[in-house]
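None of the figures in this text is laboratory data; all of them are computed from the coordinates on show. Since the structure is predicted, the reported quantities are computational estimates derived from the model, not experimental observations. When we count neighbours, we look across all protein chains shown, and the Cβ atoms used for this are built from the backbone with ideal geometry, even at glycine.
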């Protein structure tokens, strides 16, 4: 099969890993359970959902403006880096050393910053990048593999988030999410090429040199 030859496998691996790291950052756990987390700090669900929606919309608008100016790779690196910082704020907010208004500000602010930074790059870029780096002859099958990885991990993160939150606590769980964000920064820096301003043929040659 053409998808199993080493050059093609490498491209599919890059796409699948980006989607895996996107989900392992904890973004959908944040979307699914943000109202629950906000409620624990006394923030009404309606207000929480509105704030998350505004943060998501703001990041998406910024992404549209910056996508072709800064490039896909830069947005991914900046996005995952910002998400790691945002998770760090939530870790600090969940710490036993922080309480009251300080914990509220760090946890809520960290969560909103996390959503904003996700929408800036880690949310919209992987799908666009995948359509650019996958060669046409394997695109359909490769997209199916990458999206399968995306939804399987999405399912398990959503399934396990609340049990893990209760069992190991928010501080450890958010540290795990922050670690995956940092791993994503390293992976993108080492393995993802910048596709801004390049034709599909140029991208394919860069990723899969002619034999």
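Numbers below:
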{"read-out": "Additional length obtainable on full extension of the chain from residue 58 to residue 128, 0.36 nm per residue less Cα span", "value": "23.3 nm"}
{"read-out": "Using alpha-carbon coordinates, inclination of helix 139-191 to the longest axis of the chain, degrees", "value": "20"}
{"read-out": "Label-to-label distance, nm, for residues given as residue 70 and residue 166 (7 Å Cα→Cβ offset)", "value": "3.9"}
{"read-out": "For segment 55-127 and segment 138-200, distance of Cα centres in Å", "value": "15"}
{"read-out": "FRET E, pair residue 179, residue 208, Förster distance 25 Å, beta-carbon r, rounded to 0.05", "value": "0.20"}
{"read-out": "Helix axis angle, 45-70 relative to the chain longest principal axis, alpha carbon, degrees", "value": "30"}
{"read-out": "Helix 100-117 vs. the chain, principal-axis angle (Cα, 0 to 90°, nearest 10)", "value": "20"}
{"read-out": "Cα-derived Rg over Rh, computed across segment 2-207 with Rh taken as Kirkwood radius", "value": "1.01"}
